[in-house]
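Below you'll find the structure, written out as structure tokens, and then a few comments.
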Amino acid sequence: MTSWRWRLTFACGAGVWLGAGALAQTNKPEPLKTTVQTCGSYQVKITGNGFGEPQDTLRLMKGGRTYATYRDEAVSLDSCTDLTGDGVPEAILTQYSGGAHCCTMGQIYSLTTPPRLLLEQGLSNSTGWEIVQLDGKGPKELLTSDWRFAYAYGLSYAESPALPQVLAYRGGRYVDVTREYPALLLKGIRAPQPEESVSGTFLSNYALYLLAGQPQKAEAYLQTLPRPEREWLQNYAPDIRQNLSTVGLDDWPQRAGGQGGASWRDLRGGAGGSFTRPGTLEYLGTTVRQGRGTVRLYQQRGGRWSPRPHC
């Protein structure tokens, strides 16, 4: 037995030593590889070497002109399809920075001339959008996950629930319309599986009732939970409701355009509510641009979103 243990340790040590030697021999950048994919009348040119240096580069091009450039550890053209039903294809692009539980970005371009950016979104731990037809007509909807409760309230990432998020084509861009699909939200309510964290599942169910516009059922559901989880959720209930207040409003700064408009990279969160008068739906959003933070109150009027300076 002693000899067997010695041999196993020796073999593992040799494996580690050989691995380190091989790594030393290959510690140089992999050669760059360029691929070109056609989408409509455009080309998507990707130059890279996986996760080596320099970062991979994606260019959206037509006739030798570059209309958009993205650089990250991994870049891709995920889909080329007509999402809006106008006969013009959309290019779905994603970038991944290599981090854990985060760090995927995505854009959707309508390949008109010039191309139009329909959506730019941080996808967190999601890998992209699922293309679906939820209302049975018109432009396709996009389904992804909302990770706003990642690591919330003492949960580990494995325990954290991901809520469904629905985006629909409205006014020339894709926007969050999750609250318009209560049946889809309620379909996600379920009992925890044996291998799951009951706390994360209970939080998800409680949040889904609230998002579906059924606060009474949310509170009734809360009372059915075992005492430790019930008291835990009751303690955080005000924060959960505030956290959910921005569902469908987070992209208002992007939709506002003009002076108060902001890109996804500028957004730093906010809160939804009735701030100026009862019964109104408003968004108090924070943006950071060129190191300067701004808080603005965004309002919807006649299908348009407008900001007003707050502080």
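The values are calculated or read from the model by the stated rules, or taken from the named source; none is laboratory data. Please read all numbers here as calculations on a predicted model, not as lab measurements. With ideal geometry, Cβ positions are generated from the backbone for all residues, glycine too; neighbour counts draw on all protein chains shown. With ligands, DNA and RNA removed, areas are computed over all heavy atoms of the protein, side chains included. Shrake-Rupley method; radii C 1.70, N 1.55, O 1.52, S 1.80 Å.
Each row is one residue, and each column tells you yes or no for (1) modelled with pLDDT of 95 or more; (2) over 30 Å from Glu90 (Cα atoms); (3) of a type outside the set (Phe, Trp, Tyr); (4) open to solvent by 20 Å² or more (accessible area, probe 1.4 Å).
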position: Gly171; (1), (2), (3), (4): no, no, yes, yes
position: Pro192; (1), (2), (3), (4): no, yes, yes, yes
position: Pro215; (1), (2), (3), (4): yes, yes, yes, yes
position: Ala220; (1), (2), (3), (4): yes, yes, yes, yes
position: Pro226; (1), (2), (3), (4): no, yes, yes, yes
position: Thr246; (1), (2), (3), (4): no, no, yes, no
position: Glu282; (1), (2), (3), (4): no, yes, yes, no
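Of all residues in the range 64-77, which are surrounded by fewer than 14 Cβ atoms within 10 Å (Cβ to Cβ) and touching a strand residue (DSSP E or B) at 6+ places or on another chain (Cβ under 9 Å)?
Matches in the range 64-77: Thr66, Thr69.
Could you please find all residues in the range 19-54 being at negative phi, part of a loop (DSSP other than H, G, I, E, B), open to solvent by 40 Å² or more (accessible area, probe 1.4 Å) and modelled with pLDDT of 75 or more?
Selection gives Pro31, Leu32, Ser41, Phe51, Glu53, Pro54.
In the range 54-96, which residues are among the charged types (D, E, K, R) and closer than 20 Å to Leu167 by Cβ?
Asp78, Asp82, Asp86, Glu90
Please enumerate the residues belonging to the range 100-151 that are among the small types (Gly, Ala, Ser) and closer than 13 Å to Leu83 by Cα.
Ser110, Gly138
Do we have any residue at all in the range 76-90 that's in contact with a helix residue (DSSP H, G or I) (Cβ under 9 Å, 6 or more places away or on another chain), of a type in the set (S, T, N, Q) and within 19 Å of Leu142 (Cβ to Cβ)?
No, the range 76-90 contains no residue that is in contact with a helix residue (DSSP H, G or I) (Cβ under 9 Å, 6 or more places away or on another chain), of a type in the set (S, T, N, Q) and within 19 Å of Leu142 (Cβ to Cβ).
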